[in-house]
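> Have a look at the structure that comes next, please.
The values are calculated or read from the model by the stated rules, or taken from the named source; none is laboratory data. Model, not experiment: these values are computed from the prediction. Every residue, glycine among them, receives a Cβ derived from its backbone with ideal geometry; neighbour counts consider all protein chains shown. Areas reflect the complete protein model, heavy atoms only, side chains present, ligands, DNA and RNA absent. Shrake-Rupley method; radii C 1.70, N 1.55, O 1.52, S 1.80 Å.
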Amino acid sequence: MGRGYIVEDVVEKYLSNLSVPGASCVTGLLIGQSSSQRDFVVLAVRTPQKDTEGQGSPSVSRGAGNSLEHLDVEWVTEHARQVSRMLPGGMSVIGVFLVTPPELSKEGQNTLRRLIFAVDKHISKGRLWSLTEEDVTEKVTLHICSKTRKVVCRTYDVRDPKSSAKPADWKYQSGVCTSWPLLTCSVGLNLVFPVLEMHVLPQDMEKCMKEGLQTWAKQIEDGLCLINGDAMPGEVELLGGQKKNAKAVQQTFRAQILIPMAEPQSERRLTASVKVCSGSLTLKGMVQCRAYLHSNKPRAKHATEVIKRDVINTVSSRVEMFLEDLLMEGEDKGSVGVQQVLPRRVFAPVPGMSLCVCDYMFPDECVSDVSDRLKEMLDWETPEDSIDTSQEAVPEAPTIDLKNTVVQKNLKAKSTLDARPKTPSEDPTEAHKSHKTYYAGVAMAAAIALLATGTSLIYLSD
C-alpha cells in the first residue's frame, strides 16, 4: 500500500463546491505537511484566473477537441511559487489536483504527472536549504471526475524523473491541524555584501547575492536552536508528557537560533584572498518567523528544522523581490542617497483553523491590498481587521540605502516575475510600477549578528 493522506474535512467541502461548467477542467494546489509515516493536507487552492483578452483561465480551461494539451503549466507553477512564499515554516505545496469531465480522465492522469514535476522543480529552484534523508520526496496528485465526483489519489517521487504512479489512501478527517504546535522566532541580521565594482549588471549582482545567501543559509542550518531556552536532544518528543486523551490544544514554543562567532579550529581556513571593493551592502535588522509542526509524535529535530527553514525562506523571499524588481527595471542609475523600504511580513489566519499564512506588504500598500491578494492567491475572504501587521513594526521595516553605486542598463533582460506577490489578473509589465525603483550593485559575503532593529539594506562606500 502507498502513502496515506489525512485530509482536513474543509478540503472535501472546498473541492465539492468547485464550479466546473460544461466540459471545463480546474487545476489547483494541495497544501499541508509531510511526515515519515503519513502526510496531512489542510488546504486546497484553485489556480486563479489569468486574463487573456478577457477569455478563460487555466483554472477553468476549455480546450479545443476535448484535450488538456493547451493547459498553461507555466501559470500553474508560478501560482505555486507565489503561494509557497505565503506559507509559514512546516507547510508547503505537497501536491496538485485536477477536476475534469469523464472523457478526459485518462489524459488527466498524464497531465497531473506533468504538473507535479513542473511545480516541484519551479518551487525548489531558488531554495537555499538542503534536503535531508528524512525529507519526503513523494508528492500527491488528485484527480476528480466532475460528473461522478470519483477521486483517484496517486503519488510520484519527484526526485526520480522516471517515477511511476503509486496508489495512495485519501481519508477525510476533522480537526487535523487543531493541535499542531506553533514555533515562533525572532532573528537579527547583519549580512555584509561587498561591492567589487561600482558599475555592475543586475544579473551579476543576482548571482553574487545568491551565492552569499547560500553561505549564510548554511550558517543557519548549522546553528544551535534552543526551544523554550533549552537545547533539546534531537530525538526527544516535542509534546512528550502530554496525555493521550487530553483535549487538543495548540501549544506555542519559542525558538532561538545561535550562530557560532568562529569556525571550529579543524574547519578554519588557513588562507584567504583579498579583493578591492568599491563599497558594500548591508542587510540588517530583525525578521519574525513562524512554523507549524504536525502532532504525530514530532521530535525536537523536526521543530528545529521547520523553524530554521522559515528563517531562510523569509529572508530569501525578500532578497528575491528586490532582485526581481531590479531585473525588470532596466535603467541606468547613478548615486542615490534615498532609503527605500522593503516589504515587511504580515500574518493572516486561515478561516476555521488554528493556522496562519503570511504575506509581504510594501510601504505604499494598505491592509486592503493584502486582503485582496489573499483572495486572489488563496481563494478566501480575509477581514482586514484579522490581518496582523504588528509583528514587524513600521519603524523596523526593511529599507535600502544606495550610495555611490551604479547599476548598468539591463540590456533588455526579461523577467516574467513581479517582486511583490501580485494578483494574477495583473500584467506584470504594468503592475506596481511605483516599486520598480531599486537600483544596486553587489557581489557578496555574508555574516550574521543577533542584534539590530529594523531590517534594512544599506549601501556603504569604502
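> Where residues in region 90-119 are among the small types (G, A, S) and open to solvent by less than 10 Å² (accessible area, probe 1.4 Å), which of them is modelled with the lowest pLDDT?
Only one residue fits best here, namely G108.
> Still on this structure, please answer the following. Looking only at region 145-167, how many residues end up being touching a Gly at 6+ places or on another chain (Cβ under 9 Å) and of a type in the set (V, I, T)?
Result for region 145-167: 2.
> Residues being farther than 22 Å from E8 by Cα and among the charged types (D, E, K, R): count how many of those fall in region 136-165.
5
> Which one of these does I123 not meet: (1) open to solvent by 30 Å² or more (accessible area, probe 1.4 Å); (2) in contact with a Lys or Arg (Cβ under 8 Å, 6 or more places away or on another chain); (3) in a strand (DSSP E or B)?
Among (1) open to solvent by 30 Å² or more (accessible area, probe 1.4 Å); (2) in contact with a Lys or Arg (Cβ under 8 Å, 6 or more places away or on another chain); (3) in a strand (DSSP E or B), the lone unmet condition for I123 is (3).
> Okay, next question. Within region 349-384, count every residue that is open to solvent by 30 Å² or more (accessible area, probe 1.4 Å) and either in a helix (DSSP H, G or I) or over 26 Å from V26 (Cα atoms) (or both).
12
> Considering only region 142-224, give the strands (runs of 3 or more DSSP E) lying wholly within it that have at least 1 residues that are under 30 Å from G240 (Cα atoms).
It comes to 169-173, 182-195.
> Could you grab me the full set of residues in region 88-118 that are part of a loop (DSSP other than H, G, I, E, B) and touching a strand residue (DSSP E or B) at 6+ places or on another chain (Cβ under 7 Å)?
P88, G90, M91 - these are the residues of region 88-118 that are part of a loop (DSSP other than H, G, I, E, B) and touching a strand residue (DSSP E or B) at 6+ places or on another chain (Cβ under 7 Å).
> Find all pairs meeting these conditions: Cβ atoms under 8 angstrom apart; at least six residues apart or on different chains; first residue within region 37-62 and on the phi > 0 side of the Ramachandran plot; second residue at pLDDT below 55.
Here the result reads G56/R62, each pair linking region 37-62 to a residue that is at pLDDT below 55.
> Still on this structure, I have one more. Yes or no: V136 assigned to a loop (DSSP other than H, G, I, E, B) and open to solvent by less than 40 Å² (accessible area, probe 1.4 Å)?
Answer is yes for this residue.
> When region 289-307 is examined, which residues are found to be touching a helix residue (DSSP H, G or I) at 6+ places or on another chain (Cβ under 8 Å) and open to solvent by 20 Å² or more (accessible area, probe 1.4 Å)?
R290, the sole residue that qualifies.
Residue-wise test of (1) open to solvent by 50 Å² or more (accessible area, probe 1.4 Å); (2) among the polar types (S, T, N, Q); (3) touching a Cys at 6+ places or on another chain (Cβ under 9 Å); (4) at pLDDT 95 or above.
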position	(1), (2), (3), (4)
K147	yes, no, no, no
V152	no, no, yes, yes
S179	no, yes, no, no
V187	no, no, yes, no
V195	no, no, yes, no
T215	yes, yes, no, no
Q219	yes, yes, no, no
V236	yes, no, no, no
G241	yes, no, no, no
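> Let me ask something additional. Based on this model, can you work out whether R149 counts as over 24 Å from the mean Cα position of the chain (by Cα) and of a type outside the set (S, T, N, Q)?
For R149, the condition - over 24 Å from the mean Cα position of the chain (by Cα) and of a type outside the set (S, T, N, Q) - is met.
> Something else now. Restricting the search to region 224-233, which residues are modelled with pLDDT of 95 or more and crowded, with 18+ Cβ neighbours inside 10 Å?
Matches in region 224-233: C225, I227.
> In addition: List every residue pair whose Cβ atoms sit under 9 Å apart, with the two residues 6 or more apart in sequence or on different chains, where the first one lies in region 1-21 and is in contact (Cβ under 8 Å) with a residue 24 or more places away in the chain and the second, anywhere, is among the hydroxyl-bearing types (S, T, Y) and loosely packed, with under 14 Cβ neighbours inside 10 Å.
Short answer, once both residue conditions are applied: E8/S174; D9/S174; V10/S174.
> Something else about it: Looking only at region 19-34, count how many residues are under 24 Å from R81 (Cα atoms) and open to solvent by 20 Å² or more (accessible area, probe 1.4 Å).
Looking only at that region, the number is 1.
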